[in-house]
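Worksheet for the structure shown next.
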Protein chains: 2
Amino acid sequence: MAERDFIARLLAPLAATPAARGLTDDAAVWTPPIGRQLVFTHDILAAGIHYLPDDPPSDVAWKLLAVNLSDLAAMAATPAGVLLGLGLSAAEDDSWRSAFVAGLGRALAHFGTALWGGDTVTGLDRAVLGLTAIGWVEPGHALGRVGAQIGDALYVSGSIGGAGLGLAVARGARPFDKTLLNRFRRPTPRLALGAALGGLASAGMDVSDGLLIDADRLAAASAVGLAITLDSVPLALPAENLAEVMAQVTAGDDYELLFTAPPGTDMAALATATKTPVTRIGTVVHGSGLRLTLAGQPVPLPGRLGWEHA
Amino acid sequence: MAERDFIARLLAPLAATPAARGLTDDAAVWTPPIGRQLVFTHDILAAGIHYLPDDPPSDVAWKLLAVNLSDLAAMAATPAGVLLGLGLSAAEDDSWRSAFVAGLGRALAHFGTALWGGDTVTGLDRAVLGLTAIGWVEPGHALGRVGAQIGDALYVSGSIGGAGLGLAVARGARPFDKTLLNRFRRPTPRLALGAALGGLASAGMDVSDGLLIDADRLAAASAVGLAITLDSVPLALPAENLAEVMAQVTAGDDYELLFTAPPGTDMAALATATKTPVTRIGTVVHGSGLRLTLAGQPVPLPGRLGWEHA
């Protein structure tokens with residue numbers, strides 16, 4: 001399929017919003033909501049690095065959108081539109097491309113957002129898929145890694161470690177488990193919770209490289225320490241020993257929200273209102289870095305806190 | 001250099017604007033100007049496809065920014081910020097990365113815009129460089145391919161064909177010529193002219209794939225014909241014969257603006273005010289497609305109008 005046909009036949013139906021101008025112009029034009037700040041993020045997924053080449057193309061599309069919307073959620077933003085930067089190789093044949101676009105369309109509809117534009121390049125050696133997500137937030141409500149205060153409670157949404165176990169399933173290193181596999185392939189950006197945290201949480205980010213390494217980054221940005229009780233971390237699978245705990249709290253790709261809020265915040269009500277599990281896992285303390293405990297005993301930090309980009 | 005150091009040492013200094021939040025958060029936050037529409041574009045340059053692997057990295061950075069800003073200019077928009085999606089291979093070593101970022105910094109400063117955020121991926125087989133540009137335009141002033149009216153004059157900025165000749169220089173197929181080489185490697189987005197055309201031109205786009213093919217696209221989108229007098233096209237090099245004319249009007253990468261405006265528009269004043277050469281090359285006519293003439297005689301359309309993406 002020529003690029004022109006790919007755009008006209010497959011992508012244009014996903015761009016059913018005036019901002020996209022039918023994908024016929026050089027750029028998208030959007031009238032932003034009055035009295036809002038805008039939030040912008042761009043994340044890349046590369047075949048063989050961020051997903052497995054034989055992952056279903058509709059799941060790849062879902063994940064590409066989800067990881068970007070997770071960044072918006074982490075800033076307390078609500079998505080408005082996306083631009084797609086598709087770099088494709090011969091491995092992404094017409095059948096792959098059709099399934100990818102169909103999956104992207106379902107994902108965009110699921111999250112209430114639309115394709116505004118982008119670019120497609122073919123002839124690469126492997127797929128390199130970029131997506132820019134644009135969202136909006138109430139003025140001053142954007143969350144960031146800076147802002148955690150001593151005495152704040154530390155929370156995480158959903159469960160931790162499932163995506164890492166799902167990757168092992170996808171690689172054949174663990175028995176088939178659809179739930180874990182979906183944690184890796186179809187992460188859930190916590191948009192409702194993120195939007196609700198604006199103006200309420202003191203700091204926040206999404207857990208993309210592992211709970212511990214991301215917590216360490218939040219601590220560094222806020223110039224505080226984080227005391228984490230490992231017993232309270234909502235693990236995707238019950239752990240039999242410390243090694244199994246550590247494997248899950250250092251695994252990436254969970255795309256849960258990690259955030260701090262003043263003590264006394266009614267987080268149970270917020271969790272109910274946003275239909276999102278929220279668990280308190282620690283406290284903001286003086287100092288720097290992480291202090292881990294398990295069953296009341298200090299636990300030394302593992303040598304590797306999570307996924308470090310080369 | 002680890003990705004963390006690359007971001008902190010090299011990229012963060014380019015993000016000296018509050019929207020970027022020091023590149024420490026998951027996304028950028030920007031307060032848009034009141035009473036403006038926003039314009040978004042995303043273009044990719046891949047090594048070996050859109051530029052030659054031994055092109056100077058600072059020129060690659062310039063071109064990556066310029067081709068995106070050209071899309072903003074084509075919509076009559078003024079740039080505000082950019083997100084960078086860097087996919088890198090081992091060929092882009094520390095020295096390449098430093099030179100690329102230094103060149104990008106100079107280009108951003110030159111065009112009065114800033115880095116807001118993005119993503120970096122390493123371990124690819126070749127560089128795949130994406131950039132999202134965000135700009136603003138007066139409400140209703142965004143140009144598009146739709147809107148050319150019968151009787152409007154057809155204009156092009158600058159000169160045509162130079163980038164194609166410059167590519168031949170870069171490939172060693174023509175004698176060294178710095179001016180032509182720069183036309184290929186360091187195109188000039190026509191931002192001042194584009195912004196001035198908002199509310200004045202009836203339709204517009206940038207010439208990225210070749211004058212004829214892009215004119216044909218504008219004609220199709222506006223459902224009109226375009227009569228082009230080839231004698232009047234401002235060629236980068238004087239042509240000795242029709243073949244030399246055709247080579248230049250079907251070559252890509254010029255990033256000039258092609259636009260239509262009502263007869264009687266004082267284009268000379270606009271060209272002077274924006275310090276941009278503007279040449280009338282034809283007229284919007286009834287019908288469809290292109291009608292070419294040279295020295296008063298009809299010229300058949302060439303089999304290939306320009307660069308068609310596979």
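The values are calculated or read from the model by the stated rules, or taken from the named source; none is laboratory data. If you're wondering where the values come from, they're calculated on a predicted model, not measured in any experiment. Here Cβ is always computed from backbone atoms with ideal geometry, including for glycine, and neighbour counts include all displayed protein chains.
Just to be sure, is A:Val67 in a helix (DSSP H, G or I), buried (at least 20 other Cβ atoms within 10 Å of the Cβ) and at pLDDT 95 or above? For A:Val67, the condition - in a helix (DSSP H, G or I), buried (at least 20 other Cβ atoms within 10 Å of the Cβ) and at pLDDT 95 or above - is met. Here A:Gly117, A:Gly123 are screened, and the one residue that is over 16 Å from A:Val67 (Cα atoms), assigned to a strand (DSSP E or B) and touching a helix residue (DSSP H, G or I) at 6+ places or on another chain (Cβ under 8 Å) is A:Gly117. Name the one entry in B:Ala215, B:Ala153, B:Ala220, B:Ala192 that is of a type outside the set (D, E, K, R) and under 14 Å from the mean Cα position of the chain (by Cα). On inspection, the qualifying residue turns out to be B:Ala192. Regarding region A:75-82, can at least one residue be identified that is over 16 Å from the mean Cα position of the chain (by Cα) and either in a helix (DSSP H, G or I) or surrounded by fewer than 24 Cβ atoms within 10 Å (Cβ to Cβ) (or both)? Yes: one or more hits.
When A:Phe6, A:Phe100 are screened for being at pLDDT 95 or above, farther than 30 Å from A:Leu270 by Cα and in a helix (DSSP H, G or I), only A:Phe100 passes.
Pairing residues of region A:14-25 that are hydroxyl-bearing (Ser, Thr, Tyr) with residues that are part of a helix (DSSP H, G or I) and at pLDDT 85 or above, at Cβ distances under 6 Å and at least 6 apart in sequence or on separate chains, gives A:Thr24/B:Ala221. Just one of the numbered conditions (1) surrounded by fewer than 23 Cβ atoms within 10 Å (Cβ to Cβ); (2) among the β-branched types (Val, Ile, Thr); (3) within 7 Å of another protein chain (Cβ to nearest Cβ) is not true of A:Val39: (1).
Each residue in region A:196-210 was checked for being surrounded by fewer than 24 Cβ atoms within 10 Å (Cβ to Cβ) and either farther than 11 Å from A:Ser70 by Cα or in the same structural domain as A:His110 (by TED's automatic domain parsing) (or both), and 6 pass.
Residues in region B:1-36 that are within 24 Å of the chain's Cα centre (by Cα), at the interface with chain A (Cβ under 10 Å from one of its Cβ atoms) and among the hydrophobic types (A, V, I, L, M, F, W, C): there are none.
Residues that are among the β-branched types (Val, Ile, Thr) and within 13 Å of chain A (Cβ to nearest Cβ) were ranked within region B:63-110; the one that is farthest from B:His50 (Cα to Cα) is B:Thr78.
Candidates in region B:146-166 are the residues that are surrounded by fewer than 22 Cβ atoms within 10 Å (Cβ to Cβ) and of a type outside the set (S, T, N, Q); of these, the one that is farthest from the other protein chains (Cβ to nearest Cβ) is B:Gly151.
Within region A:2-15, is there a residue that is touching a Pro at 6+ places or on another chain (Cβ under 6 Å), farther than 30 Å from B:Ser202 by Cβ and surrounded by fewer than 21 Cβ atoms within 10 Å (Cβ to Cβ)? No, region A:2-15 has no match at all.
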